[in-house]
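Read the figures in this text as sums done on the coordinates, not as results from a lab. These numbers come from a predicted model, not from an experiment. Glycine gets a Cβ as well: all are built from the backbone with ideal geometry, and neighbour counts include every protein chain shown.
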Amino acid sequence: MEFPSLTQALVSKSFEKIADICDELMLQVAADGINFQDEWPYTIHLLGHIYVNDINSARFLWKSIPVGIKESQPEVVAAWGIGQKLWTRDYAGVYESIRGFQWSQEAQDLVNAFSELYTKRMFQLLVSAYSTISVQDTALFLGMNEEDATYYVIQQGWNLDPASQMLTVKKQPNGIEQKLDPSKLQRLTEYVFHLEH
């Protein structure tokens, strides 16, 4: 079964679109009455939801996958393994699930992109939650060995106390610059004017 829009999203590395494309295609194929279960790209579909951090949708998709597919396609089970670790907030387990399977060429780019994105999310979580954290815990959250994790965070401006093996977190500036959209300002002005009169 060919899905040109899905293939295009994968080739162009538009991974944030994968889940929506697969959801729409699945509804379309089901509405057309086509039996697609044996040919459906379940791995890519699951990974698409995982990539955009939509674990609920990934979980519901997993529950809808026929048992025969789960038994015959280990990559589908491996993709859900990542979802399970996310669901239970097993941060180190996410990385173990990613590295613990030999992904197909089709899934590899998506898994790699998710791994990078997940590391950035975990880094932001550490920045927001800690002022100091051990090298060991940092490595666990970032899915790296201690040396690589230390190097990674020092590049982000953190400081290491070699004696205690504690890292001091560099907080990000709070100010987020917002661009003023004249059309939004105009609508707001009209709305306030309407309320006042």
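Key figures for this structure:
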read-out: Shape category assigned to the stretch 55-146 from the gyration tensor of Cα positions, a/c cut at 1.5; value: prolate
read-out: Relative contact order for the stretch 1-118, counting Cα pairs under 8 Å that sit 6 or more residues apart, in percent; value: 24 percent
read-out: For the stretch 1-58: rounded, prolate or oblate by the Cα gyration tensor [a/c cutoff 1.5]; value: oblate
read-out: Axial C-alpha extent at least 30 Å, average Kyte-Doolittle at least -0.5 - helices from the chain (DSSP); value: 105-129
read-out: Centroid-to-centroid separation of the stretch 110-124 and the stretch 31-96 [C-alpha atoms, Å]; value: 18 Å
read-out: Modelled FRET efficiency - R0 30 Å, Asp23 with Ala92, Cβ distances, 0.05 increments; value: 0.50
read-out: Residue-averaged [θ]222 nm for the chain, counting only DSSP H segments that reach four residues, each worth -39500 (n - 2.57); value: -20000 deg cm²/dmol
read-out: Shape category assigned to the chain from the gyration tensor of Cα positions, a/c cut at 1.5; value: oblate
